[in-house]
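Okay, so here's the structure we're looking at.
The values are calculated or read from the model by the stated rules, or taken from the named source; none is laboratory data. Note that the structure is predicted; figures quoted are calculated from it, not measured. Here Cβ is always computed from backbone atoms with ideal geometry, including for glycine, and neighbour counts include all displayed protein chains.
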Amino acid sequence: MELQLSDDELLQEIERRFATKNALSKEMEFMTKKLLSLNEQAKQTESVKDSFLSLIKNTFHDPLNSLLNLAHILATRKNSDQFNNIVDMLNAELLRLDFQLKNIFETLSIEEGKIENDYSIIHFMDIFQDASLTFKYIMAERHITASLVRSEDKDFISDAHKIYMILLNLLSNACEYAFEDSNIEVNLRRVDGGFEISVQDTGVAIDVKFHPQVFTRFANRAKGTAKKREGLGLGLSVVRGLTESLDGNVDYESKDNTTKFTVFLPLVPQESAESMAVGDNEFFFDGGVVEL
């Protein structure tokens, strides 16, 4: 039986089919763009992975060889005049290697979202001293000092490990770019709604064009190109990841060869402070100046 349609019904059916076709075309266009975007992201991810693996290989190959050679020399020259110098070199390489491994593990934890907060009362001076010791050989070699500026704060609550890693990476960044015979200034101060940790160095300034890339991985703060200096280039991305996990933010200002990174962290809610277990994780900050 032949279906009879009026002219109006026929026009409506044609319009409906055109509308369906247009909708399908737009959906196909959207899916094509999305596929191209995902393909580009996959290429970038693969490129980053290749860069990371290359950096891992290059970064750990030399220090591991150095450690093996130093250990061999120590075994054969225990009573020689070079013994103390070799021990210092061995310690320096081990500290450098430990720092790089810490950043790799932190990066993996951030990527996997395994960065829960473990609150305690912070003794910031102790954290500053521990973090500074990691770079004592680098600072001695380049005649750089680090000072903790006096603060009116007595204590604050946060995640001690994350504060340590944030400060460790900001100090590393400052040591890398500071001029020789200069001082790195670290400050802790209370501000409205939270507290700030700042690390300021006098050295290579950051190109203003580089601002969007400063906290990305494998970047050189001076030129915004692939990182050519020693290290993995993970430090500032770790700082950002850990800061954001504490509901804070990090930024910097760079002018006239002075660069200051500032981390803002909000005060921990009272209920979190009351529910935390204070004991072995108790740290207090009482101000003062420490010179290294």
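Okay, here's what the table says:
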{"read-out": "Pair list, Cβ under 6 Å, 6 or more apart: the stretch 10-24 residue among the acidic types (Asp, Glu), other residue not in a helix (DSSP H, G or I)", "value": "none"}
{"read-out": "Test for residue 132: is it surrounded by 21 or more Cβ atoms within 10 Å (Cβ to Cβ) and either out of contact with any helix residue (DSSP H, G or I) (no Cβ under 6 Å at 6 or more places or on another chain) or hydroxyl-bearing (Ser, Thr, Tyr) (or both)", "value": "yes"}
{"read-out": "Matching option when the condition is at pLDDT 85 or above, closer than 27 Å to residue 167 by Cβ and hydroxyl-bearing (Ser, Thr, Tyr), among 107, 59", "value": "107"}
{"read-out": "Any hit, the stretch 212-235, residues being over 21 Å from residue 96 (Cα atoms), exposed (fewer than 14 other Cβ atoms within 10 Å of the Cβ), modelled with pLDDT of 60 or more and not β-branched (Val, Ile, Thr)", "value": "yes"}
{"read-out": "Residues located in the stretch 175-202, provided they are more than 18 Å from residue 243 (Cα to Cα) and either crowded, with 23+ Cβ neighbours inside 10 Å or of a type in the set (D, E, K, R) (or both)", "value": "176, 178, 180, 181, 184, 185, 201"}
